[in-house]
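Enquirer: Below you'll find the structure I mean.
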Amino acid sequence: MNSETGAAPASGTPLSVRGVSRRFGAVQALDDVDFTLEEGEIHALVGENGAGKSTLAKIVAGSILSDSGSMSLFGEPYQPSSRREGAAAGVAHVRQQLSLVRGLTVAQNLQLGRPDAPAIFNAGAARAEVERWSDEFGLGVPAETLIDDMPLAIRQQAEILIAVAWGARLLILDEPSSALGPLETQALIALCHRLRSEGTPIIYISHRLPELTELADRLTVLRAGKVVVAGADVRDADLREVATLMIGDVTLLEVDRPEIQRGSIRLAVSDLSVSSPHGVGCHGLDFEVAAGEILGVVGIAGNGQDSLAKALTGQVKLTGGRITVDGTDISGSAGQAIAAGVAHIHEDRSNGLAASFSVADNATARHIGNRRFTSFGVRLGDKIALHARELIERFQVRPPEPAAKASSLSGGNQQKLMAARELEQNPAVLVAHGPTKGLDPEAAKAMRDRCFAAAQAGGAVVVISADLDEVADLAHRIIVLYRGVVTDAFSSEDMTPERLGAAMAGLTETSGATGD
Amino acid sequence: MTDVVAGGERGEIEHAPAGTEERSLTTSLSTSSLAVLIAVVVGGLIMLFSGENPLTAYGAMLDGAFGSRFALGETLSRAAPLAIVGYGTAVALRAGLITIGAQGQVVAGAIGALLTAQFFETAPSAVAIPAAAIGGALFGMAWVLIPAMLRAYFSVNEILSTLLFTEFAALLIEYLLNNPLKPPTAITPQSDPYPDNGILGLVIDGTRFHTGVFAAVIIGLAFIWWVRSDRGFSYDLYGENPNLAQSLGISSNRVIINSLLISGATAGLVGWIQAAGLLQRVYVGIASDIGFFGLVVAFLGGATAGGVLVAALLFGALQAGGLAMQSSEGIPASLSDIIQALLLLGFSIRYAPQIIRLTRGVMANFTLVGRKRR
Ligand SMILES: Nc1ncnc2c1ncn2[C@@H]1O[C@H](COP(=O)(O)OP(=O)(O)O)[C@@H](O)[C@H]1O
Ligand SMILES: [Mg+2]
């Protein structure tokens, strides 16, 4: 905000951030941050959860204000006071939570809120424009499909496409790959490279270090609101060192897998079929999981994982087959699944928590109907809070405040809260869907340990994930889903990238492949 | 970039600020009082333009709402049915269901209460009164049963179906009061007088404060119990996040049907109170606008115990005061209607995000652009 901070930015530099700070109550989210985005580069911004990455992105995009510091955009002083102003200046921010209107088509989203929108919506022109951009970048973004009916990866491409069509001169992608499978990530990387070659510099925010070597030119690391690595060349950077700098504890990345004693079969799935109106469903799945065993289910997102997770937790009617837990049929009944001891880590935290409810209410939600916590049907707030306190302690939910709203917690703590609710009692079966998705290394380690602990306590664990590292870290055995059928099954020692890739792309013979 | 778009659509669950709660409370209080202020000022301007002195008018209104024993009785007897409908609607609202059929359920409840009371005409009051209350509640429930089942089993939008059933009720009562229920001597459509043994007597003579008003207290207490109960919690959880609720074994059909039945029962009770207490006969217009204003009260009260009470008293007072203003000062009571409408407008802006959030799930089955989702 004042002229004496830092050196004057070189003229034409796409983005220069000088001494920017931002505080939220007690949290200093950004502390005197300098950041420079050079022409034609992809600049990775990394850091663990809560490091301040999204805050910096929002300040650059104009959706929040900084407390102090200054910015310049392509050599001009830049002080956006709204997201609209940022967009008008050419800054496009693709958020962690995508922001397209789900009930509209891509073409309609293109025109909605566009800075230079014509007064009258010309459907033909909008469609043509989407198709033109989609072709130009070699994407398969359909112009006339509702956002709701598109897979996440395509939605994301649509949002990037719209940003470009709106004339973005600078793109910020906030954790774009956290929900993508390997092939989809490859496509995203190709798109970023394409944009870079067209002259659009990109700030790419991520947790995933490995993909950055291929993707980015330079790297900035934030820790607790401070820059700890400023614009290092990615080729020269030692990723282990970067990881250490991010979290200050490199052993977190090393999974030490406990020895687990395999017991008798607890989860048996036979000839399971589910039809899904929005996806591919599952067809004729057969597998069993024993006590102490962790089964990994991998596949590119959208190949039946959702249907499988719903089926295993009793949330959908099966169109065929059955699911038993310790011999009890739980097919199609969430109530019976819960009674049989099935725990569920939801893929989408916002789906797995009651966001506007308190931490205590969320932590104890599996106790609905438990007389221990009621008197004449009335919930006993004190007893519930007391019990919640124990769970908060055990599962290390921070802040340890039973009355806080669940939505006020950070992502990692929301995940811990969900784990506290689901894993309070040792589950017979744990269905963990993307359990470490979007978590910083420390929170991810905590979740992995929860999965190991559930197996060690004699539970049968099913980890469903699009993140191969996550599955490789956890699973003893792996099955691969492709279009709702199992295309390959092997133990984790036999896992090779070639074999996985073939199975996930549907190149493997499906006949006779089963999970055991 | 698409911030206009993003605003209402996505709740930013990512990192809600720690101070949100306080801030939203103060903003909510200030926007609420702002809505009241705007309604009063704009209402005053309209009075000025129509040649009335706003001070006289507001004075008369206040006097007519609270100024005397009669005025108070009038305010309470109008607020009570609004509160009862409001509490029942709030149960459904908290479960994420938007029923706008209270109007028809009040009508059905009045018919049910009358028929039951006529059946128990010779029974002692101690039997006839509760029997008619139950009869009214059951008819109210019956009136919402089909919309509830349609919603539960076929995902039929309950806003539309309950509205449709309100139309059915209006036609039915018209038919009944012109034909089978009409006494031979009557000229206008109406029923026989309500049986004496079922009448809810006056609490204070010379007012219209009848014992039926106490039903609002009982329903209010029941609502407080419901909100704090385990069952109520599970229904609220369903309203907050149906997917989560279902994954916790809470039956979607049960929540939908039961919460709509509860709202139907309370509206039915109001039909009974109006027939047995206030009017002591059944007329075509017995429900007045109670069903619709009850819905408004539930919304404006934020579906909470205290909020519904305050909103019901506010609207009861405005209605009583408006009529008093007309009779004492000759200022048209429709000015009070205008103020009620302004209030509604002001509050609905205040609550727009919640209303959008509540309706979004319902509307997801339909699209505005005329495309049917797969
Ligand atoms: N709107 C907000 N109100 C209060 N605290 C916030 C808000 N946004 C972010 N924070 C806090 O600021 C810190 C940085 O958050 P964020 O930038 O989202 O981290 P990252 O994206 O690196 O995970 C966190 O401690 C977070 O809880
Ligand atoms: Mg973030």
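The values are calculated or read from the model by the stated rules, or taken from the named source; none is laboratory data. Values in this document were obtained by computation on a predicted structure and should not be read as measured data. Glycine gets a Cβ as well: all are built from the backbone with ideal geometry, and neighbour counts include every protein chain shown. Ligands, DNA and RNA are excluded from the accessible area calculation, which covers all protein heavy atoms including side chains. Shrake-Rupley method; radii C 1.70, N 1.55, O 1.52, S 1.80 Å.
Enquirer: From the list A:85, A:76, pick out the single residue that is within 13 Å of chain B (Cβ to nearest Cβ), acidic (Asp, Glu) and away from ligand 2 (no atom under 16 Å from the Cβ).
Expert: Working: A:76 fails: within 13 Å of chain B (Cβ to nearest Cβ).
Matching residue, one of A:85, A:76: A:85.
Enquirer: Also: Go through segment A:332-357 and count every residue that is open to solvent by 40 Å² or more (accessible area, probe 1.4 Å) and more than 7 Å from chain B (Cβ to nearest Cβ).
Expert: Residues flagged as open to solvent by 40 Å² or more (accessible area, probe 1.4 Å) and more than 7 Å from chain B (Cβ to nearest Cβ) within segment A:332-357 amount to 5.
Enquirer: Answer yes or no as to whether residue B:247 is modelled with pLDDT of 95 or more and either at the interface with chain A (Cβ under 8 Å from one of its Cβ atoms) or within 30 Å of residue B:170 (Cβ to Cβ) (or both).
Expert: Numbers: modelled with pLDDT of 95 or more: no; either at the interface with chain A (Cβ under 8 Å from one of its Cβ atoms) or within 30 Å of residue B:170 (Cβ to Cβ) (or both): yes.
Here the answer is no, as residue B:247 does not meet what is asked.
Enquirer: Tell me which residues, restricted to segment A:99-137, are open to solvent by less than 20 Å² (accessible area, probe 1.4 Å) and either acidic (Asp, Glu) or facing another protein chain (nearest Cβ under 9 Å) (or both).
Expert: Taking segment A:99-137 as the starting set, the residues that turn out to be open to solvent by less than 20 Å² (accessible area, probe 1.4 Å) are A:99-100, A:105-107, A:109-110, A:126, A:130, A:134.
Result: A:99, A:100, A:105, A:109.
Enquirer: Moving to a separate point now. Considering only residues that are within 21 Å of the chain's Cα centre (by Cα) and open to solvent by 10 Å² or more (accessible area, probe 1.4 Å), which ones fall in segment A:30-51?
Expert: Correct list: A:48, A:49, A:50.
Enquirer: Contact list please: Cβ distance under 6 Å, first residue in segment A:41-58 and within 15 Å of residue A:221 (Cβ to Cβ), second residue open to solvent by 20 Å² or more (accessible area, probe 1.4 Å) and within 10 Å of ligand 2 (Cβ to nearest atom), pairs at least six apart or on different chains.
Expert: A:49/A:410; A:50/A:410
Enquirer: Does segment A:83-92 include one or more residues that are within 16 Å of ligand 1 (Cβ to nearest atom) and assigned to a strand (DSSP E or B)?
Expert: To start, the set of residues in segment A:83-92 that are within 16 Å of ligand 1 (Cβ to nearest atom) comprises A:83.
Then keep just the ones that are assigned to a strand (DSSP E or B); that gives none.
No, segment A:83-92 has no match at all.
Enquirer: Additional query: Output the residue which, of all residues in segment A:29-82 that are among the charged types (D, E, K, R), under 24 Å from residue A:198 (Cβ atoms) and in contact with a helix residue (DSSP H, G or I) (Cβ under 9 Å, 6 or more places away or on another chain), is nearest to ligand 1 (Cβ to nearest atom).
Expert: Going residue by residue through segment A:29-82, those that are among the charged types (D, E, K, R) are A:31-32, A:34, A:38-39, A:41, A:48, A:53, A:58, A:67, A:76.
Restricting the remaining residues to those that are under 24 Å from residue A:198 (Cβ atoms) gives A:38-39, A:41, A:76.
Those left that are additionally in contact with a helix residue (DSSP H, G or I) (Cβ under 9 Å, 6 or more places away or on another chain): A:41, A:76.
Values: A:41: 21, A:76: 26 Å.
Top of the filtered list is A:41.
Enquirer: Can you name the number of the only condition in (1) among the basic types (Lys, Arg); (2) closer than 27 Å to residue A:486 by Cα; (3) within 14 Å of another protein chain (Cβ to nearest Cβ) that residue A:322 fails?
Expert: Going through (1) among the basic types (Lys, Arg); (2) closer than 27 Å to residue A:486 by Cα; (3) within 14 Å of another protein chain (Cβ to nearest Cβ) one by one, residue A:322 breaks only (3).
Enquirer: Condition first: among the acidic types (Asp, Glu) and under 20 Å from the mean Cα position of the chain (by Cα). Can you find one or more residues in segment B:223-233 that meet it? Outline the logic, then answer.
Expert: As a first pass, look at segment B:223-233 and keep what is among the acidic types (Asp, Glu): B:230.
Keeping just the survivors that are under 20 Å from the mean Cα position of the chain (by Cα) gives none.
No; the residues of segment B:223-233 include none that is among the acidic types (Asp, Glu) and under 20 Å from the mean Cα position of the chain (by Cα).
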